[in-house]
Amino acid sequence: MTVTVVGIGGSLRPNSQSERAMRIVLGAAADAGAKIIEVSGPDLVLPFYDPAVPERPENARRLIDALRVADGVVLVSPGYHGTVSGLVKNALDYIEDLRADERPYLHGRAVGCVAAAHGWQAAVTTLTALRSIVHALRGWPTPLGAAINSRQVDFDLEGGCSDTTVADTLRTIGRQVAEFAASQTR
């Protein structure tokens, strides 16, 4: 059975460093046999989440529909002022729409977390915030997460990374998400 892994992240800048990092993680999940759905950049431009407003724009419905079928999830956020970007956090707030599902929120799903920031402090605190959010949403953060200091690491448009250790870490996260997801669907 093929598992589905949904990647959520990036920034408003097309091909941002965090978006490129996410593609390495998702590429490894695909290499492990997963079907990939990427939700990034313009897909994340959503109205502020309001549970009292039942109507959702098309991109919010696509996000929720993708998460509804997801067996695993990858979350990648730039670190803004030591935490998750507002763009990514607002997208994660829409997961509240899954509260009444058979698998509410991210229940039982493996979730790989990656944070990229211009400095170690923001990268580490953002990764910690992502992992806390995943716990609150009943997901299983993968054993390995990545805090990337983007002052020291560059990602190119072809999917390359200037630091082989970081690239290996990102690929490991992708494999962990896909392998855990596959073990839960058997």
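The values are calculated or read from the model by the stated rules, or taken from the named source; none is laboratory data. All values reported here derive from a predicted model rather than from experimental measurement. Reconstructed Cβ throughout: ideal geometry from the backbone, glycine too, with neighbour counts over all protein chains shown. Ligands, DNA and RNA are excluded from the accessible area calculation, which covers all protein heavy atoms including side chains. Shrake-Rupley method; radii C 1.70, N 1.55, O 1.52, S 1.80 Å.
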Requested in this report: Could you tell me which residue of the stretch 21-44 is nearest to GLY79 (Cα to Cα), considering only residues that are at pLDDT 95 or above and open to solvent by 50 Å² or more (accessible area, probe 1.4 Å)?
Outcome: ARG23
Query raised in the report: Do we find that ILE8 is open to solvent by less than 60 Å² (accessible area, probe 1.4 Å), under 18 Å from LEU137 (Cα atoms), out of contact with any His (no Cβ under 9 Å at 6 or more places or on another chain) and among the β-branched types (Val, Ile, Thr) in this structure?
Result: yes
Requested in this report: Taking the options VAL74, VAL88, name whichever one is within 16 Å of ARG20 (Cα to Cα), assigned to a helix (DSSP H, G or I) and open to solvent by less than 10 Å² (accessible area, probe 1.4 Å).
Outcome: VAL88
Query raised in the report: Where residues in the stretch 11-20 are over 19 Å from ARG175 (Cα atoms) and free of Cβ contacts under 8 Å to residues at least 60 places away in the same chain, which of them is most open to solvent (accessible area, probe 1.4 Å)?
Result: ARG13
Query raised in the report: Given LEU106, LEU157, LEU130, which one is touching a residue at least 24 places away in the same chain (Cβ under 8 Å), in a loop (DSSP other than H, G, I, E, B), open to solvent by less than 20 Å² (accessible area, probe 1.4 Å) and farther than 18 Å from ASP31 by Cβ?
Result: LEU106
Requested in this report: Can you confirm whether the stretch 36-47 contains a residue that is of a type in the set (Asp, Glu) and either closer than 14 Å to ALA178 by Cβ or in a loop (DSSP other than H, G, I, E, B) (or both)?
Outcome: no
Report task. For the stretch 133-154, enumerate the residues that are in a strand (DSSP E or B) and closer than 13 Å to SER18 by Cα. Result -> ALA146, ALA147, ILE148, ASN149
